[in-house]
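We did not get these values from a lab; they are worked out from the coordinates using the rules stated. Not measured: the values here are computed from a predicted model. Every residue, glycine among them, receives a Cβ derived from its backbone with ideal geometry; neighbour counts consider all protein chains shown.
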């Protein structure tokens, strides 16, 4: 059973307790949401990198040097 | 300005870590933390970190937003940077929990600042952090850093704050310390 830890700031006492079924379900739903967001971010980053590489290659074909491309 | 340490959380073998019973007698809150998780399967095969979620008062409704700029990589391996933004989320999520594919010694450095946490306006926070991963397939070693902000569209005073890894548990060495800031 997944555990959670809580510190009560008014007492300083920290306790570990089992998560409830509702909390576990909520956590699993959050994990799926976050994973979907993460996949979306990674896909966007990969597309940006591919577009940049493609653009750089086209600029090089036009005669720009690596330094000129990097300085854009 | 006076800084008062309110509590320290140590998290090991737990999925989430919370501060509860936060007094409303300060002006602002500050949190310094460091985290690492044990997750090593599934989604972690493609990334050397887990996303850490942050909630206030255990509120799971779609009233959070987060925006952060990030940069990862080195001059030698190439730098990837960008901007991420989510609105109407059910939590503030930031990539600040290195997992089992990162170095065991690598714990993220996390800093949050929450102004006017007990006031009557909607709450916001600054959140920033970084970690280093040796993830070879990502061209490592790679630093990853973020700087951004989060928000909670709720006017209630913040009395609890929860940090959770989206998969796996926090490992020994993970800790969060909460400070109360008095401006006078």
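Worth a mention:
- DSSP bridge analysis restricted to segment B:2-182 gives an antiparallel fraction near 100%, rounded to the nearest 5.
- Relative contact order [Cα under 8 Å, 6+ residues apart], chain A, whole percent: 17 percent
- A straight line joining the Cα centroids of segment B:157-184 and segment B:27-102 runs 14 Å.
- Cα convex hull volume per residue for the protein assembly as shown (Å³): 138 Å³
- Computed over segment B:2-182: relative contact order in percent, which uses C-alpha pairs under 8 Å that are six or more apart: 42 percent
- Applying Stokes-Einstein at 10 °C and 1.306 mPa s to the Kirkwood radius of chain A, computed over alpha-carbon pairs, gives a translational diffusion coefficient of 94 µm² s⁻¹.
- Debye equation applied to the C-alpha atoms of segment B:2-182, log10 I(q)/I(0) at 0.13, 0.15, 0.17 Å⁻¹: -0.63, -0.84, -1.05
- Principal axis box of segment B:1-103, alpha-carbon based, largest edge first, Å: 48, 32, 30
- Alpha-carbon centroid distance for the pair segment B:115-134 / chain A, whole angstrom: 17 Å
- Ordered by the number of other Cβ atoms lying within 10 Å of each residue's own Cβ, fewest first, A:72, A:27 fall into the sequence A:72, A:27.
- DSSP-defined beta bridges in the protein assembly as shown - what % are antiparallel, rounded to 5: 95 percent
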